Every structure is written in structure tokens, then in C-alpha cells.
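Accompanying notes for the structure given below.
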Amino acid sequence: MTIARLGYLGLQPQEAEAWKSFGSDLLGAMSVEGEGDSVYLKIDDHPFRLVVDKGEEDKLAFVGWEVDDAASYEQTIAALEAYGSIVTRGDEAGAKKRCVREYCVSADPAGNPFEVYYGRTGVGGEFKSPQGVSGFVTGDMGLGHYVVPAPNIDETHEFYKTVLGFGDSDDLTLPPPTEGAPEMRIVFMHAGNPRHHSIALFNFPVASGCVHLMFEVQNIDEVGACMDRMEAAHIPLMSTLGRHANDMMLSFYPIGPGGCVVEYGCGGLQLNLDTFQPTKSTVADIWGHAYAPVDV
Ligand SMILES: [Fe+2]
């Protein structure tokens, strides 16, 4: 296993400032100062986990995959280059902004951008939620998970497995979203930590480049309190509360500024990587999760 965990996410929506209040007043993250005038959101002892810059399009700009040391970092770059990926090493200013020792930029076969880094700096600062969230579930399991579009899902799946070393968790097939469309398929994969999945691939194009990104809190009361805050702020939902069948996450899906969908949940399954066997499934939810129609 090469990739250890998901370290940070970068968004570039048109309404970047709106993320400051969405993140701190509604998600319960801390809005903190950092390089430039970006919005930085902190959810644990890392300097930040989400950085938001003003962009031209409402898109996922970058994600940072963490490897444990410089040797793993060089091995990962070598594996990407052997596969034929274009890898660009980041400069000092970029590393300073991300609070990492070194990072590089590449993209998967579906065109989804990603970064690989090692040596997060500035770790250890206190997290104190402005909304009283007791803590987000992160640590060795990283910040959460995200789901990206991959119409060429088989090729992209193979890339994450063989080049970046992700393991399969679940391969979910669902009925077509509209008559005449292909079946929906979501491939869930884990990095080198117990979180059921750190990334999932969806076999339809999605304009924002991100189907959703997930934050996990400690218990159902903190999910419920976040639902209350979203409702009071009239935030639309992509899905109501429900429990997923594969990772058992109890969650709901508010739609953030710029249309970025967030999954906010608790109780996600943690795998024993020595004994876990990947699953294939055809049922997404045990109960709930009434989704707004998928726009494909
Ligand atoms: Fe999710």
C-alpha cells in the first residue's frame, strides 16, 4: 500500500467567501488564517483540511493524498511516471500554502486532479469547534472521503489499484438514473487505513468534478445538530438522513456554496485490513437517503 490517507481538499467555487460561514457556522469547522486570502477550514489538529479559493467555475480543484515519508513519495512518483502519468513537482510557495514538505500534481485517467505529498507541517494545534462539535473522525484515517466522476470507470479503477495501491472495498451497481441510461456503478476503495473508503468512483460525468465530500463526526447527536443548523439556514439537501449499506455511515447530504455536496455523518465502518474481503452490492442504503434526482 502506497497512499496512507486523504490529507486535504481544495475547492475553487465562485462564492469562496460563502464557504467561511458555511464551514464554521454550519459544518462546525474552525475558519483559520493561512497563506493569502483563501478560506481555510480546520477540523482537527492539522493546520487545515479544506482550503477554498475563489475560482471561475464551481469545481473541486485538488485533493492531497498523504504518503508516510520521502521514500514512499519518490516511489509513488516513479509508479505514476511508469504508468505514463504526467507528474509536476510543486514549488516552495505551493508547499508552504498546503503546509507540506513536498507535493506533486497529477491526474487520474478520468481527468480528476490529485496531489501526493508527505510531511504535513504545523500539526498539533488545538481544534475547538465554534458550534461545539466534539471532534471530527480523522487521525490516521485522514479527513474523510470523496467521490469523483469516472465515465471510464474500469480504467480509472485499475489505475487507483495498481499505480496508487488502493484496495477494493465495495463495487455497487444500481438501476439506471433515467430510462435508457446505463446502470449506475460506484466503486469504493480504501487507502492504507481502516476507513471503509477514502475515495469512490462514479461512472457518470459530473460537472463539478466531485459527487460529494464526506466529513465524519463522533455521534448521531452531532449529525442531528448539524441538520438543525442546515435547516435553520435554509440549506437545500441532496439527500435526507439515512444509513448506507456498505460502510454503515449514518449521514445526510447538505449542498454547500457553489453546489458542492457534503456528506455529514457518523458511524462509518472501520476495516480490519488483514481479514477484510471486498464486497459487491446492489443496495445502497439500509434506510432513508431519499436523493434529489441525479442530473446526468
Ligand atoms: Fe459518501
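The values are calculated or read from the model by the stated rules, or taken from the named source; none is laboratory data. For clarity, every value in this text was computed on a predicted model and none was experimentally measured. Using ideal geometry, Cβ is built from the backbone for each residue, glycine included, and neighbour counts are taken over all protein chains shown. To get the accessible areas, we keep the full protein, side chains included, count just its heavy atoms, and leave off ligands, DNA and RNA. Shrake-Rupley method; radii C 1.70, N 1.55, O 1.52, S 1.80 Å.
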- Determine by what factor the alpha-carbon radius of gyration of the chain differs from 2.2 N^0.38 Å, reporting the quotient. 0.94
- Message: Set the bar at 27 Å for Cα to Cα. Now go through Lys97/Lys128; Lys54/Lys96; Lys42/Lys161; Lys20/Lys280; Lys20/Lys128; Lys128/Lys161 and name every pair that lies beyond it.
- Response: Lys42/Lys161; Lys20/Lys280; Lys128/Lys161
- Task: Mind jotting down the distance between the C-alpha centroids of the range 224-291 and the range 26-83, whole Å?
- Result: 22
- Note on the structure: When the charge dipole of the range 139-288 is computed with +1 on Lys and Arg Cβ and -1 on Asp and Glu Cβ about the Cα centre, the Cα farthest towards its positive end, among Ile286, Val223, His196, belongs to Val223
- Taking 0.36 nm per residue of separation between Lys54 and Asn272 and subtracting their Cα-Cα distance, the length gained on full extension comes to 74.5 nm
- Phi-derived 3J(HN,Hα) across the range 13-26 with the Karplus relation (6.51, -1.76, 1.60, θ = phi - 60°), rounded Hz, x for Gly and Pro, is x, 6, 9, 5, 4, 4, 6, 5, 6, 4, x, 8, 6, 10
- Report the label-to-label distance for Ala225 and Lys96 in nanometres (one decimal), using points 7 Å from each Cα along the Cα→Cβ vector. 3.7
- What is the chain's relative contact order, in percent, from Cα pairs under 8 angstrom and six or more apart in sequence? 18
- Task: Please give the calculated 222 nm ellipticity per residue for the chain, where each DSSP H segment of at least 4 residues contributes -39500 (n - 2.57) and the sum is spread over every residue; nearest 500 deg cm²/dmol?
- Result: -4500 deg cm²/dmol
- Query: Given a 1.4 Å probe and every protein chain left where it sits, what share in percent of the accessible area of the chain is carbon and sulfur?
  - Reply: 52
- Message: At 1.4 Å probe radius, can you tell me the per residue accessible area of the chain in Å²?
- Response: 43
- Can you tell me which of 37-47, 2-12, 273-283, 157-167 comes out highest on packing, and rank the rest after it, using the mean Cβ neighbours within 10 Å? 2-12, 37-47, 157-167, 273-283
- Along the range 46-63, what does the Karplus equation 6.51 cos²θ - 1.76 cosθ + 1.60 (θ = phi - 60°) give for ³J(HN,Hα), rounded to whole Hz, x for Gly and Pro? 6, x, 6, 10, 9, 10, 10, 10, 5, x, 8, 10, 7, 9, 6, 8, 7, 10
- Give the calculated FRET efficiency between Ile86 and Ala18 to the nearest 0.05, with a Förster radius of 51 Å applied to their Cβ-Cβ distance. 0.95
